[in-house]
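The values are calculated or read from the model by the stated rules, or taken from the named source; none is laboratory data. What you are looking at is a predicted structure, and each value in this text was computed from that prediction instead of being measured. Cβ coordinates were reconstructed from backbone atoms using ideal geometry, including for glycine residues, and neighbour counts include every protein chain displayed. Keep in mind that these areas ignore ligands, DNA and RNA; they rest on the heavy atoms of the full protein, side chains included. Shrake-Rupley method; radii C 1.70, N 1.55, O 1.52, S 1.80 Å.
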Amino acid sequence: MRRYHLFEFLDQSWLPEQLRAAATRYLNAAYRTTPFPALWAAVIARVLGECGADRIVDIGSGSGGPMKLVLAELARLGRRPRVTLTDLYPVSTDSTIEYWPESVRATCVPARLQGLRTLFLCFHHFAPAEARAVLKDA
């Protein structure tokens, strides 16, 4: 199947903020109905154990999405890593999770942001060449 790199409505400046907020709330609620946070947490716990890291740097976090759910699952597994959320367009959130205040490009993450990198829901934003650059930077 051929890949089509299309735009995302939530990324369009013309989309009314109320619709963007509603869609974000819907997506956050949808995460709670899936097994993904538990599955992601299991993999992350294993990798943290293997590499000895105690910090996660989440790339392309947007409003924080599933990270609270993943952290709850990690806590059930006995892991309590420090987490920093990042985004190209940082947003203010009411989250208790640290949010990096500066813009972060996934293809060039600042060296001072050390830790296990996660990209939960943003990889689809990258065209193939850019996706390779994201992986190379990691």
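Here are a few things to note about the model shown:
- For the chain, the solvent-accessible area of protein heavy atoms averages 66 Å² per residue (probe radius 1.4 Å; ligands and nucleic acids excluded).
- The chain, relative contact order [Cα under 8 Å, separation at least 6], %: 24
- In nm, spacing of pseudo-spin labels at Ala21 and Phe123 (7 Å Cα→C-beta vector): 3.2
- The Cα atoms of the chain cover 43, 36, 32 Å along the three principal axes, with the biggest extent listed first.
- Within the chain, helix-based [θ] at 222 nm, where runs of 4 or more DSSP H residues each add -39,500 (n - 2.57), nearest 500: -11500 deg cm²/dmol
- Carbon and sulfur %, accessible surface of the chain computed with the full protein complex present, 1.4 Å: 58
- Segments 4-11, 114-121, 81-88 sorted - mean Cβ within 10 Å per residue, highest first: 81-88, 114-121, 4-11
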